[in-house]
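The values are calculated or read from the model by the stated rules, or taken from the named source; none is laboratory data. Here the structure is a predicted model, which means the values were calculated and not measured. So basically every Cβ, Gly included, is an ideal-geometry build from the backbone, and we count neighbours across all protein chains shown.
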Amino acid sequence: MHFQIDHVRAEKHRGETIENNLALACTHCNRHKGPNIAGFDAETGQTIRLFNPRSDIWEEHFAVDGPRIVGITAIGRATVGVLEMNKADRLLVRTALLREEEE
């Protein structure tokens, strides 16, 4: 898998190219995130900021169910939706990775 360097807060939203505003992202997630800093929570319909890997704790916002990533908070659900983390191709990749771990 290849990763891209992503601006957590996009340059177009005054995000700086400094270490604490950069994160590794898979190409799929980075392409879907784009300059977005928020998304809609499918449960409440509210606009919610996206997960920030520099200040948020993964386990507080996400759970794993087999190959699926489940948002367990509004931030998690909005992030899963915007990044389209559970599209069929992503599930296939994660399923293959889980099989490799078992071997």
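Only one residue in Arg68, Arg99, Arg77, Arg94 is closer than 11 Å to Leu50 by Cα and charged (D, E, K, R). Which one?
Just a single option satisfies the conditions, and that option is Arg77.
Please count how many residues of the stretch 57-81 are modelled with pLDDT under 95 and closer than 16 Å to Gly39 by Cα.
0
In this structure, is Arg9 within 24 Å of Ile72 (Cα to Cα), touching a strand residue (DSSP E or B) at 6+ places or on another chain (Cβ under 9 Å) and either part of a loop (DSSP other than H, G, I, E, B) or among the basic types (Lys, Arg) (or both)?
Against the criterion (within 24 Å of Ile72 (Cα to Cα), touching a strand residue (DSSP E or B) at 6+ places or on another chain (Cβ under 9 Å) and either part of a loop (DSSP other than H, G, I, E, B) or among the basic types (Lys, Arg) (or both)), Arg9 does not qualify.
So how many residues does the stretch 56-69 have that are within 24 Å of Arg9 (Cα to Cα), surrounded by fewer than 16 Cβ atoms within 10 Å (Cβ to Cβ) and of a type in the set (Asp, Glu)?
2
Conditions first: (1) over 19 Å from His2 (Cα atoms); (2) in contact with a strand residue (DSSP E or B) (Cβ under 8 Å, 6 or more places away or on another chain). Met85 passes all but one, so which condition is the exception?
(1)
Please find, within the stretch 70-89, the residue that is farthest from Cys29 (Cα to Cα) out of those that are surrounded by fewer than 21 Cβ atoms within 10 Å (Cβ to Cβ) and within 12 Å of the chain's Cα centre (by Cα). I'd like the intermediate steps shown before the answer.
At the first step, the residues of the stretch 70-89 found to be surrounded by fewer than 21 Cβ atoms within 10 Å (Cβ to Cβ) are 70, 72-74, 81-82, 84, 86-89.
Okay, now just the ones that are also within 12 Å of the chain's Cα centre (by Cα), so 70, 81-82, 84, 86.
Working: Val70: 15, Gly81: 11, Val82: 9, Glu84: 7, Asn86: 11 Å.
Within the stretch 70-89, the match that is farthest from Cys29 (Cα to Cα) is Val70.
Could you tell me which residue of the stretch 31-55 is modelled with the highest pLDDT, considering only residues that are surrounded by fewer than 20 Cβ atoms within 10 Å (Cβ to Cβ), within 12 Å of the chain's Cα centre (by Cα) and not hydrophobic (A, V, I, L, M, F, W, C)?
Out of the qualifying residues, it is Arg49.
Per-residue answers, yes or no, for (1) more than 22 Å from Leu97 (Cα to Cα); (2) in a strand (DSSP E or B); (3) among the hydrophobic types (A, V, I, L, M, F, W, C); (4) free of Cβ contacts under 8 Å to residues at least 40 places away in the same chain:
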{"residue": "Glu16", "(1), (2), (3), (4)": "yes, no, no, yes"}
{"residue": "Ala25", "(1), (2), (3), (4)": "no, yes, yes, yes"}
{"residue": "Asn30", "(1), (2), (3), (4)": "no, no, no, yes"}
{"residue": "Ala42", "(1), (2), (3), (4)": "yes, no, yes, yes"}
{"residue": "Arg54", "(1), (2), (3), (4)": "yes, no, no, no"}
{"residue": "Ile69", "(1), (2), (3), (4)": "no, yes, yes, yes"}
{"residue": "Ile75", "(1), (2), (3), (4)": "yes, no, yes, yes"}
{"residue": "Ala78", "(1), (2), (3), (4)": "yes, no, yes, no"}
{"residue": "Met85", "(1), (2), (3), (4)": "no, no, yes, no"}
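Out of the residues in the stretch 1-30 that are aliphatic (A, V, I, L, M) and surrounded by 14 or more Cβ atoms within 10 Å (Cβ to Cβ), state the one that is nearest to the chain's Cα centre (by Cα).
Per the criteria, the residue is Ala25.
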